[in-house]
Every structure is written in structure tokens, then in C-alpha cells.
1. Is there a residue in region 193-200 that is on the phi > 0 side of the Ramachandran plot, touching a Leu at 6+ places or on another chain (Cβ under 8 Å) and surrounded by fewer than 17 Cβ atoms within 10 Å (Cβ to Cβ)?
2. Can you say whether Trp231 is surrounded by fewer than 21 Cβ atoms within 10 Å (Cβ to Cβ), out of contact with any helix residue (DSSP H, G or I) (no Cβ under 8 Å at 6 or more places or on another chain) and of a type in the set (A, V, I, L, M, F, W, C), as far as the supplied structure shows?
3. Within the bounds of region 333-344, is there any residue that is open to solvent by 60 Å² or more (accessible area, probe 1.4 Å), at pLDDT 95 or above and of a type in the set (Asp, Glu)?
4. Consider only pairs whose beta carbons are under 8 Å apart and that are at least six residues apart or on different chains; among these, list those whose first residue lies in region 237-250 and is on the phi < 0 side of the Ramachandran plot and in contact (Cβ under 8 Å) with a residue 12 or more places away in the chain and whose second residue is among the basic types (Lys, Arg) and assigned to a strand (DSSP E or B).
5. Looking at region 154-178, which of its residues are open to solvent by 20 Å² or more (accessible area, probe 1.4 Å) and either under 14 Å from His124 (Cα atoms) or of a type outside the set (Lys, Arg) (or both)?
6. Considering only region 209-222, I want to know if a residue exists there that is part of a strand (DSSP E or B), touching a Ser or Thr at 6+ places or on another chain (Cβ under 7 Å) and surrounded by fewer than 21 Cβ atoms within 10 Å (Cβ to Cβ).
7. Have a look at Val240, Val247 and point out the one that is β-branched (Val, Ile, Thr), at pLDDT 95 or above, within 20 Å of the chain's Cα centre (by Cα) and under 16 Å from Gly278 (Cβ atoms).
8. With respect to Gly163, is the statement that it is in a loop (DSSP other than H, G, I, E, B) and either without any contact (Cβ under 8 Å) to a residue 24 or more places away in the chain or over 20 Å from Val243 (Cβ atoms) (or both) true?
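The values are calculated or read from the model by the stated rules, or taken from the named source; none is laboratory data. Not measured: the values here are computed from a predicted model. Virtual Cβ from ideal backbone geometry, glycine too; neighbours counted across all protein chains shown. Note: accessible area is taken over every heavy atom of the protein model, side chains too, but ligands, DNA and RNA are not part of it. Shrake-Rupley method; radii C 1.70, N 1.55, O 1.52, S 1.80 Å.
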Amino acid sequence: MSTQDLARGLEAELSALPVPPGDLDRAIREGTGRRRRRRAGIVAAASTLVLLAGGLGVALLSGEDPGGARVLDPAGVGPFDVSGGLRAYADPGVSLHLGDRTFPAEGLGALDTDASATDLGVVHTVSGRPYLLGPDGASRPLVDGPVDDVSSFHPGSRADRAGTSVVVATLSGDVATLHLVDLRDLSTLGTRTLECGGGCEALRLDALDEGRVFLQGPTGPAVWDTRDDSWTPFGARTRVADVRNGVVLHDGPPAAELDGLGLRQVAGAIDSQLTFDGGHVLGWSSRLEPTTRGGTAILLERGAGGADRADKGALGFWSIDSDGSVLLALSTRYPRYDVLDCEVPSGRCEQIGTLEPTGGDPAFMGNDM
């Protein structure tokens, strides 16, 4: 087949693909005037094919893993706006929203657990190698050297509260390597290898806070302090949900070893999150409970448990955004959801989009609440 024949075939297939709807509410509200339609030429490449239409980046995603799921590799999607936080939310397997852009998410897999949202972009994995998809629309590798592409290896990634560093993991044989990377210049700040003995699939990155990495390792939970390369195992029954500003949100019993590190432990559900200052817990409610005795709860303007009693009983999904605000998908007229961005600590909410998911519950980047 000639290059021209391939291009014509690709163009025919791409033209038949449905373009997901844009966020009309936001477009009208912000007056962006992005109603122009333009169509880019078809560019054939081994890894990525992109069609730009209607101001939306529509990426054909490549890098299929042995399990058949495609991975996030939207090179050429174009820049997206992170001035209000990444504001990443998805209709699973259908559409993914980043900042002010939308593109198809078919076959992307578990972005709610395997990716991380930061103001510097999306940390994701392509064929076993961690990448940063920046606001300029370009994906750049975070790790050099050979890595194994194993579908059962899903350690995830975790960013610090400033969103400037991230911990990722790669696999080579029976050895997993932890990498602490500065997202500002993509430099490596520290590495540590773990001998898995065939059990690398159990590795899970739970949190990153002030240079400390909290993880479920091949031999159980531990803290890797990248500042002095120390390694502190702790109780196997203690599950870390989140760590921010020296506060550990955990399920199960507290661990004496974490007390010994000078950390403050707070009990909570495993799918809860902490505000960036560690002062409040976000769970399945618009009421954020304080982590200190006698503290004052934060009430979001919208959502069950929040300030608006009209939302009592409304269906909702919550997540901490890359800038520390709270993203809320709220349905008072199911299956339609209003997507809101709520400030912390004021609780003021701004509607940033709407969603009528067909692929499952609304999903947020890096959080499976």
C-alpha cells in the first residue's frame, strides 16, 4: 500500500469518527469565541495519529499493551489551559477533559488510578515508561533507559502538593525502580531499586509528601525518604490513603513507625483525600471534616452535605484538583452532571462543564473515588 493510499484510508476512517461535544456552557460563559472549525491534514506515524476539528484535540491513541488496553499518548492534541487547575474529569472510555479541551478516551484504561494531575501536566505511562503530557500538548519521557512493558504492572504515580515533583516506577525483569522526578526540568532527584522476586505486580505508590514516598512494596508498606535514602517499613494492616503537609490519612490501625517519623496520623476511608494543607478530609460529601480536634468543617456551596440544603441526597463525586480546589460532579437530574470547581477554604463553586456519562460513573484523574 502506498503512502497516499494509507492516508486516504485513514482519512476515511477518521471522518467517520464522532467528535465529542464541546463544553458549550463554558464557551459561552468565557466568551472564547472558539466556534471556528478547521481540519488538519492526516499525518501517518507509527505511534500517534491526530485529527483537530472544531477546536477539540481528537487523538488516536497508540501503545497497545499485552492486555489490549490503549494508553494515553495524545501527542499533538495541542495546548490546554491550566490557569484554573488541570480540571481533569472523564466519561470513562468515552471522553477526557483537560483544562479547556476534550478528546476521546476509548481504551485509555484506569486514568483515575494510574495517572496524576498537576498544574505542569498529566503524568501517565506509555508502554511501561512514565511521561508528562504538558500544557503545550507535548508528551515527554520522565525516565531514560530500557523498561519492561508488562500489563500487570500498574504502580501508579503520585505528585507532591506543589505539583512540581512526582514519584513514578519502572520495571526491568524482577527489579522495580522508584524515580523521584522534578517536573519543572524533568531531572531525576533520586532513585531506589526494589528486588521483587517475581512480585512486582504488588507495588503501589500511595503518596508523596515533602520528599517522602509512601508505598505498598513487595514486602509490605514502607516509607522511602528521598532526602537521606532511608527506608522505613510499617504495619501491614495500615493502609495509607493520602499524605499532605505531614498528615497521614490512613485506614486500619495507626502505625507506631509513622509516629516515629514525626507524622500526624488521622483515620479515614481508603478512598478519601486530604486538602493540601492537611487540615481537612474530602470524602463522599461536600462537608470536609477537620483533621484536628475542635477544628471547623469546610462546607462547599454545592453537593450533598454542603451549604445548599437543596442538594441533600443529590448524587455526587468529588476529587482534589491539581491546584488544591475541589472538583465536584453533581447530579440533580440524572444522568446529567454539572461539573463544578470549588475553592478551598471558601467553598465557593464555579460550574466548568456538564457531563452525561455513558461509560460509567464520572471519573477524576488520579483518584478513584
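1. Checked region 193-200: no residue is on the phi > 0 side of the Ramachandran plot, touching a Leu at 6+ places or on another chain (Cβ under 8 Å) and surrounded by fewer than 17 Cβ atoms within 10 Å (Cβ to Cβ).
2. yes
3. Yes, some residue in region 333-344 is open to solvent by 60 Å² or more (accessible area, probe 1.4 Å), at pLDDT 95 or above and of a type in the set (Asp, Glu).
4. Hits for this filter: Val243/Arg212; Val247/Arg264; Val248/Arg264; His250/Arg239.
5. His154, Arg158, Asp160, Ala162, Thr164, Ser172, Gly173, Asp174, Val175, Thr177, listed by residue number.
6. yes
7. From the options Val240, Val247, the qualifying one is Val240.
8. Answer is no for this residue.
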